[in-house]
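The structure appears below as structure tokens.
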Amino acid sequence: MDSQDDIAVFQAFDAYDFEHDPLFQLGLQSIEYNKEDTKVVEEAKIFYYSRRIAPIDQEKYTAWKLANSSKNVEAQTHSASFAEIVGMITRGETIPGIRQIPDELSSLTPSTSTSVAPRKPWEQQQQNDDSTQTGN
């Protein structure tokens, strides 16, 4: 069983944004590997994170990740039937997996337009008529 400290480090590692870490990206570019080989990338992430942020035991992390991914798969395998969804809606319950969007507009002040409105067809025609009359 992993300690709470290990679990906290594992969760922080999973949440770390490697994609936007320029130092990690630079190091990853220096490694010659097959882009489809996720194991090499995972090992590079663990190496980098262990050196720069917090030490990680790769074997413990792999076991923890495997145990937690199987729990997530079990939780995701049950999908509600149409009748269950209808029942939840009629009872006023929230449907899991559906994002709640507030029914209100933004409280921020709207921005002012900086672009010039396009001319209407009759305004363009009037401008063309005026330019031909002054040109004669």
Of the conditions (1) open to solvent by less than 80 Å² (accessible area, probe 1.4 Å); (2) modelled with pLDDT under 85, the single one that residue 86 does not satisfy is (2)
Find all pairs meeting these conditions: Cβ atoms under 6 angstrom apart; at least six residues apart or on different chains; first residue within region 90-111 and within 30 Å of residue 80 (Cα to Cα); second residue surrounded by 10 or more Cβ atoms within 10 Å (Cβ to Cβ).
95/88
Filter region 1-22 for residues that are assigned to a helix (DSSP H, G or I) and exposed (fewer than 10 other Cβ atoms within 10 Å of the Cβ); which is modelled with the lowest pLDDT?
4
Taking the residues in region 58-81 that are modelled with pLDDT of 85 or more and over 24 Å from residue 19 (Cβ atoms) as candidates, determine which candidate is most open to solvent (accessible area, probe 1.4 Å).
59
Among the residues of region 23-48 satisfying the criterion of being small (Gly, Ala, Ser) and part of a helix (DSSP H, G or I), which is nearest to residue 63 (Cα to Cα)?
44
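Restricting attention to region 26-52, and to residues there that are within 15 Å of residue 9 (Cβ to Cβ) and not small (Gly, Ala, Ser), which single residue is farthest from the chain's Cα centre (by Cα)? Explain how you work it out, then say what you get.
Step one: of region 26-52, the residues within 15 Å of residue 9 (Cβ to Cβ) are 45-52.
Then drop every residue that is not not small (Gly, Ala, Ser), which leaves 45-49, 51-52.
Numbers: 45: 19, 46: 22, 47: 24, 48: 22, 49: 21, 51: 26, 52: 24 Å.
Step by step, filter region 26-52, then rank; the result is 51.
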Within region 91-102, how many residues turn out to be at pLDDT below 85 and surrounded by fewer than 10 Cβ atoms within 10 Å (Cβ to Cβ)?
7
Tell me, yes or no, whether region 103-121 has at least one residue that is at pLDDT below 80 and either on the phi > 0 side of the Ramachandran plot or surrounded by 10 or more Cβ atoms within 10 Å (Cβ to Cβ) (or both).
no
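The values are calculated or read from the model by the stated rules, or taken from the named source; none is laboratory data. Small disclaimer: the values here were computed from a predicted structure and weren't measured. Cβ atoms come from the backbone with ideal geometry, glycine included; neighbour counts cover every protein chain shown. Surface areas here come from the heavy atoms of the whole protein model, side chains and all, with no ligands, DNA or RNA. Shrake-Rupley method; radii C 1.70, N 1.55, O 1.52, S 1.80 Å.
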